[in-house]
Amino acid sequence: MDFLVLFLFYLTLVLIGVVTICICSKTHYLRGLVRGGAQVISCIIPECLQRAMRKVLHYLFHTRNHTFIMLHLLLQGMVYAEYTWEVFGYCQELGFSLHYLLLPYLLLVINLVFFTLSCVSNPGTITEANEFSLLQVYEFDEVMFPKNMKCFTCKVRKPARSKHCRVCNRCVHRFDHHCVWVNNCIGAWNARYFLIYLLTLTASAATMAVVSTVFLVQLVVVSDLYLETYVDDLGHLQVIDIVFLIQYLFLTLPRIVFMLGFVVMLSFLLGGYLCFTLYLAATNQTTNEWYRGDRAWCHHCPHVARPPSAEPQVYRNIHSHGLWSNLGEIFLPAAAHCAEKMN
């Protein structure tokens with residue numbers, strides 16, 4: 001019981017933490033909590049250690065590096081190695097269909113292809129050569145994206161829906177976000193790769209979770225383990241229940257059960273993020289626009305000067321033109337081919 005309770009408690013905390021961050025990310029509460037936590041930590045941790053932590057965090061999240069790419073590949077390799085070493089062999093002995101067992105590997109190949117494309121492809125870098133053509137792609141809403149804005153770093157005019165990425169030090173067309181896992185910005189020209197990468201990663205985790213669960217259930221059924229009895233702490237004879245079965249399987253096959261717990265948790269987290277990404281694609285929003293969408297008043301937008309008497313304007317998404325048109329914009333980005341030729 002101890003293992004099951006601790007594992008469920010850990011899983012619940014992780015899921016609650018992720019949901020809380022998603023809910024609070026558009027409000028000032030999260031920033032206030034971060035500042036308060038930083039102040040508390042600064043009173044406890046020595047200054048030299050704080051400086052070292054700031055350098056590490058700056059390197060990880062504010063510079064382009066391959067740390068998270070290596071971590072991603074390491075975790076993926078460890079999970080697939082465990083699946084191959086333990087689950088695949090046992091499932092073959094139990095007579096599982098080979099096509100069923102090979103599905104995670106097929107998803108892995110597709111996932112690695114689109115992971116590589118997400119890493120190395122041009123997200124839509126705005127240059128002097130393609131600046132004019134990209135200015136014609138999207139309409140300026142004069143609230144979140146006013147006309148005649150210029151990037152003082154790149155020295156180019158900023159098209160609507162673009163943003164300067166401080167990590168990559170470039171302006172990106174239809175900027176979504178900078179993803180540390182692929183060490184690249186996600187923009188107009190590689191959003192389709194990132195979406196398929198995320199879809200296949202979620203599917204591979206869910207498929208391995210299903211295969212591992214079916215294997216454990218089949219193992220219990222074949223061995224008639226669910227018909228066994230045990231003596232509890234009070235000396236009473238008890239029929240084996242689901243909790244006891246999970247603990248028994250964990251003690252007997254700890255690596256498989258731990259892998260199953262990991263991929264189940266990963267499936268929930270990736271599935272939630274995939275649903276959010278699909279929602280943004282269906283409504284023709286970017287993560288950057290969704291995050292900034294709570295800034296409803298135009299005078300809150302940076303670099304926009306408004307007289308005090310001017311009435312505030314509410315931001316509205318003017319780029320959504322229906323589900324299929326929005327999805328088409330992801331997979332066939334406007335002006336992508338001509339702009340790439342101009343580069």
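The values are calculated or read from the model by the stated rules, or taken from the named source; none is laboratory data. Since this is a predicted model, take the numbers as computed values, not measurements. We place every Cβ from the backbone using ideal geometry, glycine too, and count neighbours over all the protein chains shown. Accessible surface is based on the protein model in full, side chains and every heavy atom, while ligands, DNA and RNA are left aside. Shrake-Rupley method; radii C 1.70, N 1.55, O 1.52, S 1.80 Å.
The fraction of all Cα pairs in the stretch 36-133 landing in successive 10 Å bins from 0 to the largest distance is 11, 23, 21, 20, 17, 7, 0, given as whole percents. Within the accessible area of the stretch 120-176, the carbon and sulfur atoms contribute 49%, probe 1.4 Å, all protein chains present.
Approximating the spin labels as points 7 Å out from Cα along Cα→Cβ, the Thr12-to-Leu98 distance works out to 4.5 nm. Per residue, the stretch 85-191 exposes an accessible area of 47 Å² to a 1.4 Å probe, with every protein chain left in place.
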